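Engineer: Before we start, here is the structure in question, set down as structure tokens.
The values are calculated or read from the model by the stated rules, or taken from the named source; none is laboratory data. None of the values given here were measured: they were computed from a predicted structure. Cβ coordinates were reconstructed from backbone atoms using ideal geometry, including for glycine residues, and neighbour counts include every protein chain displayed. When the accessible area is computed, the model is the full protein with side chains, heavy atoms only, and any ligands, DNA or RNA have been set aside. Shrake-Rupley method; radii C 1.70, N 1.55, O 1.52, S 1.80 Å.
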Amino acid sequence: MKDNIHILLIEDDNKISNFMSLALRAKDYKVSIAESGKKGILEFCTGNPDIIVLDLGLPDMDGNEIIEEIRKISEIPILVVSAREMESDKILALDSGANDYVTKPFAMGEFLARIRVMERFVGVETKNSADSTPVSIYEFGELTVDTDRQRIFLRGEEIHLTPLEYKLLVFLVENCGKVVTYSQINKQVWGYEHMGDVKTIRVCLANLRRKIEKDPSNPEYIFTKIGVGYRFADME
Ligand code: CA
């Protein structure tokens with residue numbers, strides 16, 4: 001496990017997010033803040049957080065919608081922090097896949113204790129791709145994609161991808177030589193159009209290229225088909 005647990009706060013109230021991040025940073029957590037649902041999802045896709053602290057009442061999306069969409073692709077621990085105090089609100093959030101629920105206003109001591117509970121769930125990512133995927137190791141030049149152990153190696157060195165970068169790479173590799181469109185990526189990698197808008201895919205792909213390409217502006221592995229999608233080189 002990493003030394004510093006990375007917590008993503010999705011909260012539109014600056015006062016509350018600053019208050020939480022101050023307390024968390026004092027305890028050596030790494031914190032990033034997103035003040036809208038879309039920014040939160042982008043940060044989740046690209047920033048590789050370990051824990052999400054989620055407000056339900058966001059300006060652009062409902063928090064429950066975010067939980068449901070994240071749960072389609074990740075088991076990242078989610079702690080809901082909300083002013084909604086009805087039992088039915090709590091049940092809805094927990095049923096959507098939140099791990100725990102704290103009602104605002106809350107005492108900082110309790111909040112930090114709940115974060116420590118969330119830490120127990122860090123890294124217990126379930127292997128949702130383990131069901132039907134055949135055992136496979138793909139080799140392309142200096143790149144090895146081991147979908148059995150879910151590990152990626154470049155020139156023999158393991159490289160670390162976020163869960164979405166990994167899913168995107170595997171999808172491209174499994175379709176190597178063929179163009180995959182943005183909408184296919186949406187469906188297969190994100191499983192939801194809102195999360196996988198073209199901009200989000202581009203950000204995720206740019207990060208992936210930085211990790212696997214020698215020169216990301218002159219790629220050898222992943223080629224852009226302008227306006228359509230991407231093609232992974234057919235090198236086998
Ligand atoms: Ca709010």
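Engineer: Name the pairs whose Cβ atoms lie under 7 Å apart, with the first residue in segment 105-122 and at pLDDT 90 or above, the second open to solvent by 70 Å² or more (accessible area, probe 1.4 Å), and 6 or more positions between them or separate chains?
Structural biologist: That search, which allows pairs on different chains as well, returns Leu112/Lys27.
Engineer: Out of all the residues in segment 1-18, which are more than 16 Å from the chain's Cα centre (by Cα), touching a residue at least 60 places away in the same chain (Cβ under 8 Å) and more than 13 Å from the ligand (Cβ to nearest atom)?
Structural biologist: The answer is Met1, and nothing else.
Engineer: Follow-up. Scan segment 187-213 for residues that are part of a helix (DSSP H, G or I) and open to solvent by less than 30 Å² (accessible area, probe 1.4 Å) and jot them down.
Structural biologist: Those that are part of a helix (DSSP H, G or I) and open to solvent by less than 30 Å² (accessible area, probe 1.4 Å): Val189, Trp190, Thr200, Ile201, Cys204, Leu205, Asn207, Leu208, Ile212.
Engineer: Taking the stated definitions as given, is Glu165 surrounded by 16 or more Cβ atoms within 10 Å (Cβ to Cβ) and acidic (Asp, Glu)?
Structural biologist: Taking the combined requirement at face value, the residue satisfies it.
Engineer: I'd like the full set of residues that are buried (at least 16 other Cβ atoms within 10 Å of the Cβ) and part of a helix (DSSP H, G or I), limited to segment 10-19.
Structural biologist: Ile16, Ser17
Engineer: Out of everything in segment 63-92 that is more than 18 Å from the chain's Cα centre (by Cα) and outside any loop (DSSP other than H, G, I, E, B), what residue ends up being nearest to the ligand (Cβ to nearest atom)?
Structural biologist: If we take residues in segment 63-92 being more than 18 Å from the chain's Cα centre (by Cα) and outside any loop (DSSP other than H, G, I, E, B), then Ser82 is nearest to the ligand (Cβ to nearest atom).
Engineer: When you scan segment 20-50, how many residues do you find that are at pLDDT 95 or above and among the hydrophobic types (A, V, I, L, M, F, W, C)?
Structural biologist: Within segment 20-50, residues that are at pLDDT 95 or above and among the hydrophobic types (A, V, I, L, M, F, W, C) number 8.
Engineer: Let me ask you something else. Give the residue, chosen from Thr147, Thr181, that is open to solvent by less than 30 Å² (accessible area, probe 1.4 Å) and among the hydroxyl-bearing types (Ser, Thr, Tyr).
Structural biologist: Thr147
Engineer: Could you please let me know if Gly57 is within 16 Å of the ligand (Cβ to nearest atom), surrounded by fewer than 19 Cβ atoms within 10 Å (Cβ to Cβ) and over 25 Å from Leu205 (Cα atoms)?
Structural biologist: Against the criterion (within 16 Å of the ligand (Cβ to nearest atom), surrounded by fewer than 19 Cβ atoms within 10 Å (Cβ to Cβ) and over 25 Å from Leu205 (Cα atoms)), Gly57 qualifies.
Engineer: Answer yes or no: is there a residue in segment 66-82 that is of a type outside the set (Asp, Glu) and over 21 Å from Glu119 (Cα atoms).
Structural biologist: The answer is no, given that none of the residues of segment 66-82 is of a type outside the set (Asp, Glu) and over 21 Å from Glu119 (Cα atoms).
Engineer: Any idea how many residues of segment 20-48 are open to solvent by 70 Å² or more (accessible area, probe 1.4 Å), farther than 25 Å from Leu164 by Cα and free of Cβ contacts under 8 Å to residues at least 60 places away in the same chain?
Structural biologist: 4
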